[in-house]
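Structure record follows, encoded as structure tokens.
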Amino acid sequence: MEYKNQKIADVALILKKRFDDTENKTDILKAIELRSLYSEISTLPPDERAVFGQEINNLKQELEGMVAEYSEKAEALPSIDVTAPFAANTKPDERPRLFTSDQGTKHPLTTEMERINDIFYRMGFEVVESRQIDDDYHMFESLNFPEGHPARDDYDTFMTSDGLIAPAHTSTMQNRVLSERKEALERGEDIRVVIPGRVFRNEDLDATHEHTFHQIEGIYVGEGINAGHLVATLQTYLSEYFGEELKAKLQPFYFPFTEPSFELAIERPEQLRKDDSEEQRWLELLGCGMIHPNVLKMAGIDPVKYSGFAWGGGIERMVLMHHGIEDIRHFNSGKLDFLRQF
């Protein structure tokens, strides 16, 4: 379609070229160039507005036609059976060729979680995997969130129709870990466990927020354990991860399952520091604190005799900083141009 107005003709050329590279084709109808043309109508002399507006509408209709045509072609593609690469009784010579193991690579999150687990292995911790579906007791009650507790409102959790919960934090494993290891604790063995796992929250997605991501929880319980042990443990872990000696400090915070509760900040690694200002010196990284006596009691552990600390933090955030990745949504995108960098 030809446009008499040169400005509209230029915009049409730009948007048509962009259409092929746009993943979500309907986004072309929201292009800022198109909106800008509409906003110009009110600035024109009255006798020019009708013609100008009609040409803009013609351009929009042309773009809508391109979107509709693309959608029809997409719907016409044959369906794919995602249940298996081939039926069990398919003859070997008729089976599709599969990729061999040397043609694949590890996902960057898998690589980094293995690296983090290895650091804690060397620090004497056991690794226990978290669950991806849980119940109200382990999500809230066992962590000192009784029914009706206002802190429950801070967790935008996903729930099934029968009341099960997609965990919003790996802390749902605390009660299980403590309960299963209390006998070892009574034999004089400290509880030292880290819990990596996938968590789910009802988030508005952007470059720093995802509805599905990973956390790592840490638990240390024994006799005479205090906040000094907490800082030393996390400072050692983070210094090892970033490859340089880092200072750490605690800032007061609130979590129902720890008392006292803190946010841990580390001295920002050189690779993440933009300048030498005080604002750039410290980086808030994770939540932590001394395990609340009620949480120990719920696991059958005497809080008078034993004490401990716990922490939890996002794994994606660590990987974003470590590799200089700008958008958390890349991890679940399945885009090969991103994954092939690792």
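Read-outs: derived from the displayed coordinates by stated rules, not from any lab. Please read all numbers here as calculations on a predicted model, not as lab measurements. Here Cβ is always computed from backbone atoms with ideal geometry, including for glycine, and neighbour counts include all displayed protein chains.
Values as computed for the structure displayed
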item: Eligible lysines near K106 by straight Cα distance, threshold 21 Å, same-chain separation 8 or greater; result: K335
item: Distant alpha-carbon pairs in the stretch 1-56 (separation over 18 angstrom), percent; result: 35 percent
item: Exposure proxy ranking, count of Cβ atoms within 10 Å, fewest first, for M66, M139, M159; result: M159, M66, M139
item: Candidate lysines - alpha carbon under 23 Å from K182, same-chain residues fewer than 8 apart omitted; result: K297, K305
item: Dipole of the chain [Lys/Arg +1, Asp/Glu -1 at C-beta], most positive-end residue of A184, S261, L230; result: A184
item: Per-residue Cβ neighbour rank within 10 angstrom, fewest leading, R176, R340, R115; result: R340, R115, R176
item: Listed residue (V221, M113, G308) projecting farthest to the positive dipole end of the chain, Cβ model; result: M113
item: Spin-label model distance (nm) - E129 vs Q341, 7 Å beyond Cα toward Cβ; result: 2.8 nm
item: Kirkwood Rh in Å, taken over all unlike Cα pairs in the stretch 133-250; result: 16.5 Å
item: Ranked list, fewest to most other Cβ atoms within 10 Å of each Cβ, for D190, D20, D134; result: D20, D190, D134
item: Radius of gyration, Dmax [the chain; alpha carbons; angstrom]; result: 27.4, 92
item: Within the stretch 196-231, GluC sites (Glu not before Pro) in DSSP loop having at most 15 other beta-carbon neighbours inside 10 Å; result: E203, E223
item: Magnitude of the charge dipole, the chain, Cβ model with Lys/Arg +1 and Asp/Glu -1, debye to 20; result: 460 debye
item: Charge dipole of the chain about the Cα centre (unit charges at C-beta), most positive-ward option of T90, H209, I165; result: T90
item: Residues of type aspartates and glutamates that K91 reaches as a straight line, Cα spacing below 20 Å, ignoring anything fewer than 8 places off in the same chain; result: D81
item: Two-site FRET efficiency, A227 against N24, from Cβ-Cβ distance with R₀ of 41 Å, rounded to 0.05; result: 0.25
